[in-house]
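What follows is one structure encoded as structure tokens, with my remarks underneath.
The values are calculated or read from the model by the stated rules, or taken from the named source; none is laboratory data. Note that the structure is predicted; figures quoted are calculated from it, not measured. Using ideal geometry, Cβ is built from the backbone for each residue, glycine included, and neighbour counts are taken over all protein chains shown. Note: areas computed on protein heavy atoms with side chains; ligands, DNA, RNA excluded. Shrake-Rupley method; radii C 1.70, N 1.55, O 1.52, S 1.80 Å.
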Amino acid sequence: MTVDPYTPQSGDANIRVERYELDLDYKVTTNRLSATATLDVRFVEPAAAFSLDLVGLRVKKVRGAGRFTQNDRKVKIALAAPAVAGDVVRVEIVYAGAPKPRRTRWGTLGWEELEDGVIVASQPTGAPTWFPCNDVPSDKATYALRVVTDPEYTVASSVPAVRGTERGRAVWEFEIAAPTPTYLVTLQIGKYMQEGTDLAGIRGRLFYPRPLADRVHEDFGELGRMMAVFEEAFGPYPFPGYTVVVTPDELEIPLEAQAMAVFGANHIDGEHSLERLVAHELAHQWFGNSVGLRNWRDIWLNEGFACYAEWIWSEASGGATAHAKALAHHERLSVRGISALLADPGADEMFDDWVYKRGALTAHALRLTIGDEAFFALLREWTARNAHSTVQTRDLLMLAEEISGIPLAGLFEAWTSSTDLPSLPASAERSDAAAPLTEPILGLDRTARRSRR
Ligand SMILES: [Zn+2]
């Protein structure tokens, strides 16, 4: 049975994995992984067997279950005894191989060797390139990672790792306690400097190659202020800390992981040129990571709000207002014909730029309709009520109506379930729609803001 129509081959609809314990032994120079994954698997309906996603790695043994078979995408495991609904079965899967990215319609995903190290970039279906999993966004679990690797490398993690040694090799151990879908779990191995930083009271951590130190310090210098702006706009930051990794290699795009973001060397230039991406990735911690997706079709709930956060940050940091950004992007989108729906763009288009921009415009249209006070109250209630859970578009509509007291089905229909691009609504609060909508933005004192350079 298909769990998510956008990734029909992924996941097993009859299981929820409550916890993954990944014990990984990895040799960087030879790209050799030997691992044991211990999973607590809960059954929704009675079952005699279940399946996990695993790509490019070979299972050697399964403990705590019966026979297993493996093809190029799945491991099918028979249970030692039939499970009834609600049973939790612990299975231990011993596997090994030379991990590599998998080819998908969204490009290559998952485990990838850098010039000197490793990154994992899994959205949406790359996780099975490094561990056996129930690879759907709706299944959130906790994780314990133990990584044994060569001592000259650092394993970057979202929480401080315990580092030890074992037969001349380094051992890194850490726990991901917040419920996390498989695609947001990552492994970053490299020759990194590591430093702590305070982000408006949230513990920040930076990992970067030593030669990039100055650029990193400059380009992430606004992160604390950004955290403060976003906490005011979106509610409390949902994780114990925030980690930024900058790889020595260039990356096509930055990527979000749980309580973490990964940037390529090409994304930082010491001049804040791509600061919007820094804002975008941080915003994903609220939109996408804590408040997750039940199905990929609602990807706009992640990307639209992360994109809207870029506009909020632009305004808060003295750049163009969110409203000016919205007008400009509305004009650009209006000349582009789109044949898909925002709330169901289709698997091929789910990461297309129009989804991001129309998603952000939908957020702005909602803001113009219900007013700033109700809009930001909505965002804070949205992230509080759905923290560490999953949502769909209908949930946002219902909460927006509840908080604003305004019927919004027509607005949602026009923006998310129709191909025509609606006009931006007139502001409920301003007759001059071109004026900045919030002044001062979110109560921040403009004059107290440090200039960017
Ligand atoms: Zn994004």
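The set of residues from the range 382-413 being under 23 Å from the mean Cα position of the chain (by Cα) and of a type in the set (A, V, I, L, M, F, W, C) comprises Trp382, Ala384, Ala387, Val391, Leu396, Leu397, Leu399.
For the range 165-209, a residue qualifies if it is closer than 30 Å to Trp296 by Cα and among the charged types (D, E, K, R), and the qualifying residues are Glu175, Arg205.
Say whether the condition of being closer than 30 Å to Pro238 by Cβ and of a type in the set (A, V, I, L, M) is met by at least one residue in the range 106-116. Don't jump to the end; show me each part of the working.
Of the residues in the range 106-116, the ones closer than 30 Å to Pro238 by Cβ are 106-112, 114.
From what's left, of a type in the set (A, V, I, L, M): 109, 114.
For the range 106-116, residues closer than 30 Å to Pro238 by Cβ and of a type in the set (A, V, I, L, M): present.
(1) within 16 Å of the ligand (Cβ to nearest atom); (2) in contact with a Lys or Arg (Cβ under 7 Å, 6 or more places away or on another chain); (3) of a type outside the set (S, T, N, Q): which one isn't true of Gly359, the others all being true? Result: Gly359 passes all but (2). Filtering Val229, Val216 for residues that are more than 16 Å from Glu195 (Cα to Cα), open to solvent by less than 10 Å² (accessible area, probe 1.4 Å) and either in contact with a Leu (Cβ under 8 Å, 6 or more places away or on another chain) or more than 16 Å from the ligand (Cβ to nearest atom) (or both) leaves a single hit, Val229.
In the range 10-26, is there at least one residue being assigned to a strand (DSSP E or B), without any contact (Cβ under 8 Å) to a residue 60 or more places away in the chain and not small (Gly, Ala, Ser)?
Restricting attention to the range 10-26, the residues satisfying the condition of being assigned to a strand (DSSP E or B) are 15-26.
Now restrict to residues that are without any contact (Cβ under 8 Å) to a residue 60 or more places away in the chain: none.
Within the range 10-26, not a single residue is assigned to a strand (DSSP E or B), without any contact (Cβ under 8 Å) to a residue 60 or more places away in the chain and not small (Gly, Ala, Ser).
Considering the range 325-336, and only residues there that are in contact (Cβ under 8 Å) with a residue 40 or more places away in the chain and of a type outside the set (S, T, N, Q), the residue that is most open to solvent (accessible area, probe 1.4 Å) turns out to be Leu327. Filter the range 296-321 down to the residues that are among the charged types (D, E, K, R), open to solvent by 10 Å² or more (accessible area, probe 1.4 Å) and farther than 30 Å from Ala13 by Cβ and list them by number. Glu310 - this is the single residue of the range 296-321 that is among the charged types (D, E, K, R), open to solvent by 10 Å² or more (accessible area, probe 1.4 Å) and farther than 30 Å from Ala13 by Cβ.
Determine whether the range 371-394 contains at least one residue that is closer than 25 Å to Ile176 by Cβ and either without any contact (Cβ under 8 Å) to a residue 60 or more places away in the chain or within 14 Å of the ligand (Cβ to nearest atom) (or both). Yes, the range 371-394 contains at least one residue that is closer than 25 Å to Ile176 by Cβ and either without any contact (Cβ under 8 Å) to a residue 60 or more places away in the chain or within 14 Å of the ligand (Cβ to nearest atom) (or both).
In the range 253-271, what residues are among the β-branched types (Val, Ile, Thr) and either over 30 Å from Thr142 (Cα atoms) or out of contact with any strand residue (DSSP E or B) (no Cβ under 6 Å at 6 or more places or on another chain) (or both)?
To start, the set of residues in the range 253-271 that are among the β-branched types (Val, Ile, Thr) comprises 253, 262, 268.
Passing the criteria: Ile253, Ile268.
Return yes or no: is Gly337 modelled with pLDDT of 95 or more and more than 16 Å from the ligand (Cβ to nearest atom)? The answer is no for Gly337. Cβ contacts < 7 Å: first residue more than 14 Å from Tyr183 (Cα to Cα), restricted to the range 293-305; second residue in a helix (DSSP H, G or I) and near the ligand (Cβ under 9 Å from one of its atoms), any location; separation 6+ or different chain. Result? Listed pairs, sorted by first residue: Glu303/Tyr356; Gly304/Tyr356; Phe305/Ala283. Selection of the range 413-437 for residues being within 18 Å of Ala400 (Cβ to Cβ), open to solvent by less than 60 Å² (accessible area, probe 1.4 Å) and modelled with pLDDT under 95 yields Pro425, Ser427, Leu437. Among (1) over 22 Å from Glu381 (Cβ atoms); (2) more than 16 Å from the chain's Cα centre (by Cα), where does Met227 come up short? So the condition that Met227 fails would be (1). Scan the range 244-279 for residues that are among the hydrophobic types (A, V, I, L, M, F, W, C) and without any contact (Cβ under 8 Å) to a residue 60 or more places away in the chain and the total you get is 11. The residue list Thr180, Thr165 contains one member that is hydroxyl-bearing (Ser, Thr, Tyr), in a strand (DSSP E or B) and surrounded by fewer than 16 Cβ atoms within 10 Å (Cβ to Cβ), which is Thr165. Scanning the range 89-113 for residues that are farther than 20 Å from Leu24 by Cβ and under 27 Å from the mean Cα position of the chain (by Cα) yields Arg103, Thr104, Arg105, Trp106, Gly107, Thr108.
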